[in-house]
Amino acid sequence: MGDWRTYQKNLLPDIPNFHKIEVYEKEGKGYQALRAVLTDPKWDRKTVVNEVKDANIRGRGGAGFNAGLKWSFMPPKQEGLPRYLACNGDESEPGTCKDRRLFEYNPHTIIEGAIIACYAMEMDAAYIYIRGEYADWIDIMQNALDEAYAKGYAGKNIMGSGVDIGVYLHKGAGAYICGEETSLMESLEGKRPYPRSKPPFPAQVGLWGKPTTINNVETLGHVPYVIRNGSEWYKSIGAANQPGPMLYGISGHVNRPGVYEFPSGMLITDLIYTVAGGIKGGKKLKAVVPGGSSVPVLTAEMIEGITMDADSLRTRGTLLGTAGMCVLDETTDMVKFLLRVSKFYDHESCGQCTPCREGTGWLVKILKKIDSGQGTMRDLDMLISLCDNMEGKTVCALADAAAWPVRNTLTRFRSEFEAKVKQSTFAMAR
Amino acid sequence: MADTPVFEFSPAEIQEIQRHVAKYPESRSAVMPALWLAQEKFGWLSPEAMQLVATTLDLPYSHVYGVASFYTMYFKEKVPKHLIEVCTCFTCSVTGGPEMLDYVKEKIGADAKGIGKDGKIWCRAAECLGACDTAPVAQITNRRYVHNLTEEAVDELIERLNKDEEIPFSSIPLKNQANFES
Ligand SMILES: Cc1cc2nc3c(=O)[nH]c(=O)nc-3n(C[C@H](O)[C@H](O)[C@H](O)COP(=O)(O)O)c2cc1C
Ligand code: SF4
Ligand code: FES
């Protein structure tokens, strides 16, 4: 495994112009994995899926599902029935800023990974959905894609193998919900992007009603490395339960915020105090949100000895999410912070389900009341009961994502909420 | 009298839309790229612009409107030329985003809708822009990012926008991870 201090970066290497195809090919063994998969008889489709499954690349979109295992859920190919790959580059979960770096510094690994995935699952095309705000990075991706087409690495008869796989970019237009897999599909299809009820699952009924797999763009970006270096290599990096390189997005009250590539499973304290240079202004740490705004917050005491992988984080009742970590110092007003997070989910709810549409609105209303000093102890209970009525009761997981931070911030920083609510003015009965 | 825009796509624009149509198995799927094109051409998506998209793709107006109205980056009202969207979400909320938005509002003399006094710049709060490590962040008119906002950076930005100068793309370098001696 080695020490993280001597770790050699893979996904974000310090190689100038790595976004250019010649550099990617020359310095990064770029497109060799695709060539191997398409031309070496050793790599039949099943073998590719199995290798990826064995590597246990855990989805980088937030849920951490084994990518190869997801690929194996695709039904057997039916002649004449097209199949698609949806590549999720919507990156909108607050705190997450890693996919953008990949678009800028290593766009070809996403494209190569997507084409390998399409080959492995016998798909006709890959659609890379990128949030509209990333206009400049969409241009970078389009350039990379044009380079790949020009070299015959995408499109018809790739590398003379007879395999045809189209790769296309789709620009979003500002809606967090489009990162949810079925909403993304509706958006790509040109509909109003309301998430779909599941089942049917995308592997059965996905894009344009056809079998579809959806992966985060970073997840796909790991694939060429696994094919080139093997699953054993991949598993030798980082945490056993969640192996591989990890892009840690560290933001907030630290001296050196940034996106850092290291092995998975690093100590949170190493990331904050060594990698990110400690808390700004020598202040004290108050809280850490380890993986995007929806995952349960940790108090300063809770991070001791905890590493950035699912198993370790679970012992503190939280999740890895997108590994976009927000560090909050002692001056942070947790009520205000939570109120802003809740406003985000209220703003982004698509409004399809009542518990989500009404629930997110009520969370904001009550938190505002508490923040302004007008709340009561009963409002704190009300927040929890609202969460009870949102979690697991809606078409998609946005309602859960909205409820978790409320439940956990309130539980773990209760005294801050209590300090803001009005003291009961009723005299105690004697 | 001011030009009334003609609600037509040029042959080159039609071709561009057809290129998008060809990417998807159904032409309806090209509605978002077509809306993007219409917005770039007309500055905002008026009912006439949306009707043009509908006619071009042979879709009902209601469908096109239903899509356009869902997304924040499509402007359904006539807006000033330049937009400063300051992220006030999550990380930005604790690193000065809201203060930066207030500063922008004050500088441009924004009204309740965020429109500046001379009608050239408007502003609003943005949700997470995916650049939390360079918080606080702003996006300019659906494209350029301005990272690590300060009052001085806002001053310079507004000066440039007032002169219709282009805001350059700023690439955030990868951190040198080699030394962690501190
Ligand atoms: C409300 C909501 C928003 C989401 N946003 C994103 C996103 O921006 N990017 C992403 O990759 N996954 C997002 N996801 C997760 C996707 O639904 C999906 O699980 C993921 O793209 C699968 O890829 P993976 O298995 O490679 O992680 C979101 C999920 C929900 C419920
Ligand atoms: S849970 Fe919320 S965002 Fe998801 S489908 Fe229902 S209303 Fe829409
Ligand atoms: S919170 Fe402002 S860019 Fe993410």
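The values are calculated or read from the model by the stated rules, or taken from the named source; none is laboratory data. All of these numbers come straight from a predicted model, not from anything done at the bench. Reconstructed Cβ throughout: ideal geometry from the backbone, glycine too, with neighbour counts over all protein chains shown. Each accessible area value is taken on the protein alone, full model and side chains, heavy atoms only, with ligands, DNA and RNA left out. Shrake-Rupley method; radii C 1.70, N 1.55, O 1.52, S 1.80 Å.
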By accessible area of protein heavy atoms, probe 1.4 Å, what ranking do B:H20, A:H108 get, highest first?
B:H20, A:H108
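Quick one: Kirkwood hydrodynamic radius for the range B:82-180, alpha-carbon pairs, angstrom, one decimal? Display every interim value, and only then the final one.
Working: mean 1/r = 0.0729 Å⁻¹.
Answer for the range B:82-180: a Kirkwood hydrodynamic radius of 13.7 Å.
Expressed in nm to one decimal, what extension gain is obtained for the pair A:S197 and A:Q142 from 0.36 nm per residue of sequence separation less their Cα-Cα distance? Spell out each step's value before the answer.
Details: separation 55, 0.36 × 55 = 19.80 nm, distance 3.24 nm.
The A:S197-A:Q142 span can extend by a further 16.6 nm.
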Comparing each residue of the range B:129-159 in the complete protein assembly with the chain by itself (heavy atoms, probe 1.4 Å, ligands and nucleic acids ignored), those losing at least 50 Å² of accessible area are B:G130, B:D133, B:R143, B:Y145
Between B:K113 and B:E16, with labels modelled 7 Å along Cα→Cβ, what's the label distance in nm to one decimal, could you check?
2.6 nm
Only helical DSSP H runs with n ≥ 4 go in: add -39500 (n - 2.57) per run for chain A, normalise by residue count and round the 222 nm mean residue ellipticity to 500 deg cm²/dmol.
-11500 deg cm²/dmol
Consider a paramagnetic label point 7 Å from the Cα of B:R160 along Cα→Cβ; state which residues of the range B:85-117 have an amide N under 20 Å from it.
B:85-88, B:97, B:100-109, B:116
For the range B:48-86, state which residues have at least 40 Å² less accessible area in the presence of all protein chains than in their chain by itself, taking the probe as 1.4 Å and leaving out ligands, DNA and RNA.
B:F70, B:Y71, B:T72, B:M73
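Using a 10 Å Cβ count of at most 12 others and DSSP loop calls, identify the longest part of chain B lacking such GluC sites (Glu not before Pro). Write down the numbers at each step before the final one.
Working: sites that count: B:E8, B:E26, B:E77, B:E165, B:E166, B:E181.
Between the exposed loop sites, the longest stretch runs B:78-164.
Can you give the accessible area per residue of the protein assembly as shown, in Å², using a 1.4 Å probe?
On the way: 24390 Å² over 612 residues.
With the other protein chains kept in place, the protein assembly as shown gives 40 Å² per residue.
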What is the spin-label model distance, in nm, from A:K26 to A:K151 if the labels are put 7 Å beyond Cα along the C-beta direction?
1.2 nm
Residues in the range A:340-383 near a label at A:A419, defined as backbone nitrogen under 14 Å from the 7 Å Cα→Cβ point?
A:371, A:373
Loop only per DSSP, at most 12 neighbouring Cβ atoms within 10 Å: give me the trypsin sites (Lys or Arg not before Pro) in the range B:28-110, ordered by residue number.
B:K78, B:K81
For the range A:1-120, take N as its residue count and report Rg(C-alpha) divided by 2.2 N^0.38 Å.
1.17
Accessible area of the range A:1-150 with a 1.4 Å probe: how many percent of it is carbon plus sulfur?
50 percent
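Count the DSSP beta bridges whose two residues both fall in the protein assembly as shown, then state the antiparallel fraction as a percent rounded to the nearest 5.
On the way: 25 of 53 bridges.
Just about 45 percent of them are antiparallel.
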Stokes-Einstein translational diffusion, the range B:11-70 - Kirkwood Rh over all Cα pairs, 0.692 mPa s, 37 °C, in µm²/s
292 µm²/s
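Once you average over the residues of B:31-37, how many Cβ atoms of partner chains fall within 10 Å of each Cβ?
Details: counts 4, 10, 5, 1, 2, 4, 0.
For peptide B:31-37, the averaged partner shielding equals 4.
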Once normalised by the length of chain A, the mean sequence separation of its alpha carbon contacts under 8 Å that are 6 or more apart gives a contact order in percent of 16 percent
Roughly to the nearest percent, how much of the accessible area of the range B:11-70 is carbon and sulfur, given a 1.4 Å probe?
54 percent
Compute the distance in nm between two label points, each set 7 Å from the Cα along the Cα-to-Cβ direction, one at B:K120 and one at A:H347.
2.7 nm
How large is the accessible surface of B:V21 in square angstrom, using a 1.4 angstrom probe and rounding to the nearest 10?
30 Å²
If the cut-off is a Cα-Cα distance under 19 Å, which aspartates and glutamates reach B:K105, setting aside same-chain residues fewer than 8 apart in sequence?
B:E85, B:D118, B:E127, B:E151, B:E152, B:D155, B:E156, B:E159, B:D164
With every protein chain present, what accessible area does A:S161 have (1.4 Å probe, heavy atoms only), rounded to the nearest 10 Å²?
40 Å²
Ignoring ligands and nucleic acids, chains B and A bury, in total, an accessible area (1.4 Å probe) to the nearest 100 Å² of about 5100 Å²
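Enumerate by residue number the trypsin sites (Lys or Arg not before Pro) in the range A:1-73 meeting two conditions: DSSP loop (anything except H, G, I, E, B), and at most 10 other Cβ atoms within 10 Å of the site's Cβ.
Numbers: sites: A:R5, A:K9, A:K20, A:K26, A:K29, A:R35, A:K42, A:R45, A:K46, A:K53, A:R58, A:R60, A:K70; in loops: A:K9, A:K20, A:K29, A:K42, A:R60.
Loop-located and lightly packed - A:K42.
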Using every alpha carbon pair in the range B:1-146, what percent of pairs falls into each 10 Å bin from 0 up to the bin containing the largest distance?
11, 33, 30, 21, 5
Go through the range A:223-261 and flag every residue whose accessible area shrinks by 10 Å² or more with all protein chains in place compared to the isolated chain (probe 1.4 Å).
A:S251, A:G252, A:H253, A:R256, A:P257, A:G258, A:V259, A:Y260
Need one number for chain A: average projected area of the convex hull over its C-alpha atoms, nm².
22.2 nm²
For a quick check of understanding: with a 1.4 angstrom probe and all protein chains in place, what accessible area in square angstrom does A:F201 have, to the nearest ten?
110 Å²
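Sort A:K98, A:K420, A:K365 from largest to smallest accessible area, using a 1.4 Å probe on the heavy atoms of the protein chains. Display every interim value, and only then the final one.
On the way: A:K98 5, A:K420 50, A:K365 120 Å².
Output order, biggest surface exposure first: A:K365, A:K420, A:K98.
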